[in-house]
């Protein structure tokens, strides 16, 4: 894993995880800064230029570390929260809202995991009905495991808190760390898939479909709870047949009966983010397509409810409805 | 490598005529009319020679920005590169250092150029008002970089404002040994690295310029009919969408059928995109 530079906030320069990461990226220029805002998301920065050679920023997360998850974000099992120990992603998916959210493509890793853990404990104590904590909302939680040690730290933490569920959203094949642990019941690894053609076209730097499927298979065989997220659905001619193939390949490799959950969710993002994406990629055909706007969210005109229903019909021939939810 | 448009510039900024000499030679830079300290090539490279120190640099930028030539020019310079000599406690004379932090000794403010350039050495450039003879910090000491950063921000793209220093003095070879001949020598020795940085920044600047340039069909429309600001933005994006969707021939056909007004045209283009956007399964 190469970074063009590593920026370190002075306040966490001596943090144990910072020191470990510095040792792993020897040879990379290290620059001490006061606050990550000095180098991340400054006015005038350009996501597309920075994505060519992103830097790693090690910072301290201040304020609230755990936030309520948007409604419909996950499979209902209790009160949902998300936490972002990292901002931005190793991958470069053309549809990703992060490009529209930040002007900067550098990766910000908040190393004060202890504060995230305290935030998780605080929310757990407040809610008797059980809690679900989603990781991977603003990043890919597994992709940078050798650097971030996210699973290494959070799996043992959740192992001691069986009433709380951790869902890890990812497109990564970095499952070695998970396989080194005994599976825990309250952790779900959720892999996102799109049809192979869409993945090749828009999911730059993402491991191939077959490699991701293999990684999921290994996890399932080892006893980990796994989930499949067929997101984002991008409606276009022939897409139903592509999904049929995707479902068939997925469920011939994975045991559908043992899946934690399966979801479908269409390509949608806030209108302002779409506008920002268009500025970055005015020549991208996905962003030039006809859209519809509802409550400030944009989605493609092609597809919509009819397509999702058609895909659900096909999906239910592989998966029991009880394991399914539609991502809002 | 893409063909670089002449309308997209990279501006090199140096303090000394001795630093300018080799660069004029590398990039075939010729004096710009009515100026004595600005040089330009027909390959999209400009050189501004500012004189030593923050004040001289600031005044040079202001003079150039206010010049008749700059006002008339259609050229833009998203990329700015400050080259120049600097002293360093540890690096050998002749080594090049890419700045990843630019600080001002007087104000104690720091800025952080985006790590776009690759090199053998990276580090802080510390801008001082008098030559530094004892090199107390592990930094490259110069006299302009911080002012350069502040000024270039007014004209360039933040990620394409960069600074590289060539080491001219250190504790073993002091400032008293710096001569025009030495500067010439270290610039020529670093010519490959300088060219690499210049090429990279020019390419990035060109790519960015391409993204904001008007699609050809839009330019043709704007030539034919009057568009107010709002209409221009709408028609421009509609044309851009036709191009991105690989439907340029359809756009040409629509334009050939004629339209009564800008509003009429916008409607036609929008309807066409809308009808094609509703894809149904066969």
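Data for the structure
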quantity: Whole-angstrom gap from segment A:78-101 to segment A:297-312, using each part's C-alpha centre; calculated: 22 Å
quantity: Computed over segment B:8-212, the ratio Rg/Rh where both radii use C-alpha atoms and Rh is Kirkwood; calculated: 0.94
quantity: Footprinting exposure proxy for A:320, B:150 (fewest neighbouring C-beta atoms within 10 Å first); calculated: A:320, B:150
quantity: Quarter of Cα convex hull surface for the protein assembly as shown, i.e. mean projection, nm²; calculated: 30.7 nm²
quantity: Where labels lie 7 Å past Cα in the beta-carbon direction, separation of residue B:76 and residue B:106 in nm; calculated: 3.2 nm
quantity: FRET efficiency estimate (nearest 0.05) - Cβ-Cβ, residue B:276 to residue A:294, R0 22 angstrom; calculated: 0.55
quantity: Rounded FRET efficiency, nearest 0.05, which uses the C-beta distance separating residue B:216 from residue A:185 and R0 of 56 Å; calculated: 0.40
quantity: Kirkwood Rh in Å, taken over all unlike Cα pairs in segment B:155-223; calculated: 15.7 Å
quantity: Relative packing of A:165-171, B:131-137, which averages over residues the other C-beta atoms within 10 Å, highest first; calculated: A:165-171, B:131-137
quantity: Distance in nm between pseudo-label sites at residue A:43 and residue A:326 (7 Å out along the Cβ direction from Cα); calculated: 4.2 nm
quantity: Contour excess over end-to-end distance, with Cα ends at residue A:153 and residue A:128 and 0.36 nm allotted per residue; calculated: 6.5 nm
quantity: Proxy reagent accessibility, fewest Cβ within 10 Å first, across A:123, A:16; calculated: A:16, A:123
quantity: Rh (Kirkwood; distinct C-alpha pairs) - segment A:1-159, Å; calculated: 16.5 Å
quantity: Segment B:208-282-segment A:32-73 distance, computed between alpha-carbon centres (Å); calculated: 36 Å
quantity: Average other protein chain Cβ within 10 Å of Cβ, residues A:285-291; calculated: 6
quantity: Partner chain coverage, peptide A:44-55 - average Cβ within 10 angstrom; calculated: 5
quantity: At R0 = 25 Å, FRET efficiency that the Cβ-Cβ distance of residue B:252 and residue A:201 yields, to 0.05; calculated: 0.45
quantity: For chain A, the spread of Cα positions along each principal axis, largest first, Å; calculated: 54, 47, 36
quantity: Stokes-Einstein translational diffusion, segment A:165-277 - Kirkwood Rh over all Cα pairs, 0.890 mPa s, 25 °C, in µm²/s; calculated: 164 µm²/s
quantity: Whole-Å semi-axes of segment A:1-85's equivalent ellipsoid (Cα gyration tensor); calculated: 28, 17, 14
quantity: Cα→Cβ-extended label distance, 7 Å offset, between residue A:306 and residue A:25, nm; calculated: 4.9 nm
quantity: Percent of Cα pairs exceeding the 16 Å cut-off, where the set is segment A:3-49; calculated: 45 percent
quantity: Sorted peptide list for A:30-37, B:157-164, criterion being average Cβ within 10 angstrom, highest first; calculated: B:157-164, A:30-37
quantity: For residues of B:233-244, the mean tally of beta carbons on other chains within 10 Å; calculated: 3
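Computed from the coordinates by the stated procedures, all read-outs in this text should not be read as laboratory data. What you see is a predicted model; the values in this text were computed from it and never measured. Heads up, the Cβs are rebuilt from the backbone with ideal geometry, glycines too, and the neighbour counts pull from every protein chain shown.
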